[in-house]
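Every read-out reported here was derived from the displayed coordinates using simple, explicitly stated rules and does not represent laboratory data. Note that the structure is predicted; figures quoted are calculated from it, not measured. Heads up, the Cβs are rebuilt from the backbone with ideal geometry, glycines too, and the neighbour counts pull from every protein chain shown.
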Amino acid sequence: MKAVTEKQVDKMLSDYSGRLPDVILEAVKGQALSAGVTTAELETIIGEVGKRVEYAQVEPGEAVGVVAAQSMGEPSTQMTMRTFHYAGVAELNVTLGLPRIMEIVDARKQPSTPMMTIHLDEDVRSDREGVKAIANQIGAVNFEDIVDSTETSLMDFSVKFKLDPETMKIKGITAEEVVKRLNKSKIEVADFTDKSITLKAKVQELRELRKVTIKVLAIHIKGIKGVERAVVKKEGDEYVIFTQGSNLKEVFKLDSIDTSRSKSNDILEIERVLGIEAARGAIISEILDTLNEQGLRVDVRHIMLIASAMTVNGRIRAIGRHGISGDKSSVLARAAFEITVDNLLMAGVKGEYEALDGVVKNVIVGQPVHLGTGMVELAMKMQNDSEEKK
């Protein structure tokens, strides 16, 4: 069999670039060329090297869950509890520090400060005015946002809304569009001009008229629901839109949106719109960003393990009795976490069986744990009669 050439070695090793350290790849290349191995032999060698490198990444029996919990828990005690002005944009606030970590691992349905970072296509991202126009399409505008003042008439139970021309110009809204939207909401418009809109309510009491006024002011006129405001900020050589509030599904329907880079900090929304794998990636990046902002460094593998545990069943589960810990089949594992007495009582009522095949359960009953040195089973080799006679 013919020995491999340097070109063949480089081509075969290129498949492992990123998976194996460069120093190991160089060592394999040098040894393969000096030994004159064949292509088949080199494939076997690379496969064996890759396997051994993977095994060397963690000791057999290592309690990776405990290490991940320690690696996240210890830095979290040093985190501050504060709300941060996002990236120098004073209009937008984002929760960081310990409260943000708690939101993520508790899988809360609604983050305290939902927001999106929206990147745009290459043909738009450098045009500030074009980006501003898209931001105006995104930011939700309610009727109250473009109303300067109201006048109530008890003579005919009508309400006159004086419009704010400057805000309407900035938002790109006309009085005709407002009237059309009000009509869609089954609000009867008695009269309108460029500066005011008058509504006549079918009520006979002042209290009812006030209720109608509040309802009308809350009507959504333009933009995407759930997004309170959108702010444009330059990052590097492109303009990026930051929003207060999140609605990924509707934003992705707009033209010129770079959906591959745009993101939300609402993990459950990402799961609904993009799927569980995207949600797992979001959990990792959000935790990393939160830790890095506080100057804390945690190996990404610990965070990846936490994210995998939260998403392994195809849905996001909280780390707690309402999620991962509460879903455990083991009675003692559930009882060891929270609400001990209730768990034990319910297990007794249902006649549940405990197999003692996990870590926590064996610790509770005082048996060796199947971790580290506890994974090894030793047995004495008995001598037979012939050996004893010798």
(request) Enter the per residue convex hull volume of the chain, computed from alpha-carbon coordinates, in Å³ rounded to the nearest integer. (result) 282 Å³
(request) Among M375, M102, M115, determine the one that fluctuates most according to a GNM of the chain built with springs between C-alpha atoms less than 10 Å apart. (result) M375
(request) Could you please tell me the mean projected area of the C-alpha convex hull for region 331-375, averaged over all directions and given in square nanometres to one decimal? (result) 3.1 nm²
(request) Can you tell me the dipole magnitude for region 331-375 around its Cα centre, using point charges on the Cβ only (Lys, Arg +1; Asp, Glu -1), in Debye to the nearest 20? (result) 40 debye
(request) Using only the Cα atoms of region 1-154, build the gyration tensor, take square roots of its eigenvalues as a ≥ b ≥ c, and label the shape rounded, prolate or oblate: rounded if a/c is under 1.5, else prolate if a/b is larger than b/c, else oblate. (result) oblate
(request) If a/c stays under 1.5 just call it rounded; otherwise compare a/b with b/c (prolate if a/b is bigger, oblate if not). Do that for region 248-390, with a ≥ b ≥ c from the square roots of the Cα gyration tensor eigenvalues. (result) prolate
(request) State, to one decimal in nm, how far the label point of M102 lies from the label point of D148, with both points 7 Å from Cα in the Cβ direction. (result) 4.5 nm
(message) For R181, R52, R100, R334, which order do you get if you count the other beta carbons within 10 Å of each Cβ and list the fewest first?
(response) R52, R181, R334, R100
(message) Explain nothing, just the number: dipole magnitude of the chain about its Cα centre with +1 on each Lys and Arg Cβ and -1 on each Asp and Glu Cβ, in debye rounded to the nearest 20.
(response) 1160 debye
(request) Go ahead and run the numbers for FRET between A133 and V67, Cβ-Cβ distance against an R0 of 35 Å, rounding to 0.05. (result) 0.10
(message) Cross-link candidates for K171: which lysines have Cα within less than 17 Å, leaving aside residues fewer than 8 places away along the same chain?
(response) K132, K162, K180, K195, K222, K225
(message) Could you tell me the relative contact order of region 127-190? Use alpha-carbon pairs under 8 Å, at least six residues apart, and round to a whole percent.
(response) 23 percent
(request) Considering Cα pairs under 8 angstrom that are at least six residues apart, work out the relative contact order of the chain and quote it in whole percent. (result) 17 percent
(request) Let me have the 222 nm mean residue ellipticity of the chain computed from DSSP H runs of 4+ only, each contributing -39500 (n - 2.57), with the sum over all residues rounded to the nearest 500. (result) -13500 deg cm²/dmol
(request) Using R₀ = 45 Å, calculate the FRET efficiency as 1/(1 + (r/R₀)^6) where r is the Cβ-Cβ separation of V341 and E74; round to 0.05. (result) 0.90
(message) Which lysines, if any, have their Cα less than 27 Å from the Cα of K29, not counting same-chain residues under 8 positions apart?
(response) K2, K7, K11, K51
(message) Connecting C-alpha atoms closer than 10 Å in a GNM of the chain, tell me which of S285, S330, S153 has the biggest fluctuation.
(response) S153
(request) Would you mind working out the magnitude of the charge dipole of region 6-56 relative to its Cα centre, with +1 at each Lys and Arg C-beta and -1 at each Asp and Glu C-beta, to the nearest 20 Debye? (result) 40 debye
(message) Looking at the chain as a GNM with Cα springs under 10 Å, which of A309, A175, A282 has the largest mean-square fluctuation?
(response) A175
